[in-house]
Amino acid sequence: QKEVEQNSGPLSVPEGAIASLNCTYSDRGSQSFFWYRQYSGKSPELIMFIYSNGDKEDGRFTAQLNKASQYVSLLIRDSQPSDSATYLCAVIGAQKLVFGQGTRLTINP
Amino acid sequence: GAGVSQTPSNKVTEKGKYVELRCDPISGHTALYWYRQSLGQGPEFLIYFQGTGAADDSGLPNDRFFAVRPEGSVSTLKIQRTERGDSAVYLCASSSMTGGGYGYTFGSGTRLTVV
């Protein structure tokens with residue numbers, strides 16, 4: 001079992017809708033969780049991190065964490081074509097980030 | 001510097017040759033990480049430096065790969081006897097916090113192509 005699992009997609013969402021990206025992790029002791037956005041041909045860019053159970057909101061982005069279910073998600077409200085990218089979930093493991101394979105998101109105008 | 005700088009941005013080399021990839025982290029960041037990313041995959045951990053020493057090199061795939069950070073700032077990833085399977089984007093990241101607790105800042109990467 002991979003440490004961090006994501007559906008590779010592609011996930012297609014109409015412009016203006018809510019995009020929901022999901023991630024599960026295997027290490028029950030993990031404490032810190034991150035979402036990165038990666039545009040094609042570019043390097044990953046940190047968009048959110050979350051440490052506590054529940055929701056954390058930043059503008060159009062909401063990260064949700066459920067440690068009991070070992071599940072973390074990212075919601076993007078009012079999706080824009082500029083949100084089209086690969087979204088990487090990452091978890092701190094042994095003092096380093098462990099990444100999932102990423103979910104490719106396409107926002108359709 | 002203002003961001004993490006990686007050079008070269010692209011490197012094409014012949015199978016069997018030696019290559020060096022350079023990373024200049026954000027000034028003052030003590031933690032430095034190397035990752036490798038293949039097409040359609042997430043970044044894969046290679047090695048992590050805290051200061052000058054390699055705190056964790058468990059991700060280096062074999063002894064052809066080696067990395068140094070002699071003065072606790074710039075790091076060089078060295079690959080000997082390159083193979084076509086080494087072709088990937090090599091990403092460097094730095095963090096002000098040990099263990100990357102606030103996430104990393106990545107450089108723009110070096111795209112290595114072994115022909």
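The values are calculated or read from the model by the stated rules, or taken from the named source; none is laboratory data. Everything numeric in this text was worked out from a predicted model, so none of it was measured. Every residue, glycine as well, gets a Cβ built from its backbone with ideal geometry; the counts of neighbours run over all protein chains shown. Ligands, DNA and RNA are stripped out before the accessible areas are found, and what is left, the full protein with its side chains, is counted by its heavy atoms. Shrake-Rupley method; radii C 1.70, N 1.55, O 1.52, S 1.80 Å.
Taking a cut-off of 22 Å between Cα atoms, list the lysines near B:Lys11, but don't count ones fewer than 8 places away on the same chain.
By straight Cα distance, B:Lys11 reaches A:Lys42, B:Lys78.
Treat every Asp and Glu Cβ in the protein assembly as shown as -1 and every Lys and Arg Cβ as +1, leave all other atoms uncharged, and give the resulting dipole magnitude about the Cα centre to the nearest 20 debye.
In total the dipole reaches around 440 debye.
Work out the FRET efficiency for A:Tyr39 and B:Gln80 from their Cβ-Cβ distance, taking R0 = 25 Å, and round it to the nearest 0.05.
With R0 = 25 Å, the Cβ-Cβ based efficiency is 0.15.
Just to be sure I understand: if I project the alpha-carbon convex hull of segment A:54-109 onto a plane and average over all orientations, what area do I get in nm²?
Averaged projected area of segment A:54-109's Cα convex hull equals 4.8 nm².
If you take each beta carbon of peptide A:44-51 and count the beta carbons of other chains within 10 angstrom, what is the mean?
3
How much accessible area is lost when chains B and A come together, counting both sides, with a 1.4 Å probe, in Å² rounded to the nearest 100?
Accessible area lost upon association: around 1500 Å².
Just order A:58-66, A:17-25 by mean Cβ neighbour count inside 10 Å, highest at the front, would you?
A:17-25, A:58-66
Do you know the relative contact order of chain B, to the nearest whole percent, from alpha carbon pairs under 8 angstrom that are 6+ apart?
After rounding, I find 37 percent.
Compute the distance in nm between two label points, each set 7 Å from the Cα along the Cα-to-Cβ direction, one at B:Thr30 and one at A:Ile18.
With each label placed 7 Å out from Cα toward Cβ, I get 4.2 nm.
Return, ordered by residue number, the residues of segment B:1-42 whose backbone nitrogen is under 14 Å from a label point located 7 Å along Cα→Cβ of B:Val115.
Residues B:11-17 fall inside that zone.
Considering only protein heavy atoms and a 1.4 Å probe, what is the carbon-and-sulfur percentage of the accessible area of chain B?
47
Only Cα pairs under 8 Å and at least 6 apart count here; give the relative contact order of segment A:1-85 as a rounded whole percent.
The normalised contact order for segment A:1-85 reaches 33 percent.
Can you run the Rg to Rh ratio on chain A? Use alpha carbon positions and the Kirkwood inverse-distance Rh.
Ratio of gyration radius to Kirkwood radius for chain A: 0.95.
For chain B, modelled as a GNM with alpha-carbon contacts under 10 angstrom, which of B:Tyr90, B:Tyr48, B:Tyr102 fluctuates the most?
B:Tyr102
Assign unit charges at the C-beta atoms only (+1 for Lys and Arg, -1 for Asp and Glu), then state the dipole size of chain B relative to its Cα centre in Debye, rounded to the nearest 20.
340
Residues in segment B:1-28, backbone N under 20 Å from the label point at B:Asp56 (7 Å along the Cα-to-beta-carbon vector): list them, ranges by number please.
What the label zone holds, given the 20 Å backbone N cut-off, is B:25-26.
On the protein heavy atoms, probe 1.4 angstrom, tell me the percent of accessible surface of chain A carried by carbon and sulfur.
46
DSSP loop (so not H, G, I, E, B), at most 10 other Cβ within 10 Å: list which trypsin sites (Lys or Arg not before Pro) in segment B:1-35 pass both filters.
Sparse-neighbourhood loop trypsin sites (Lys or Arg not before Pro): none present.
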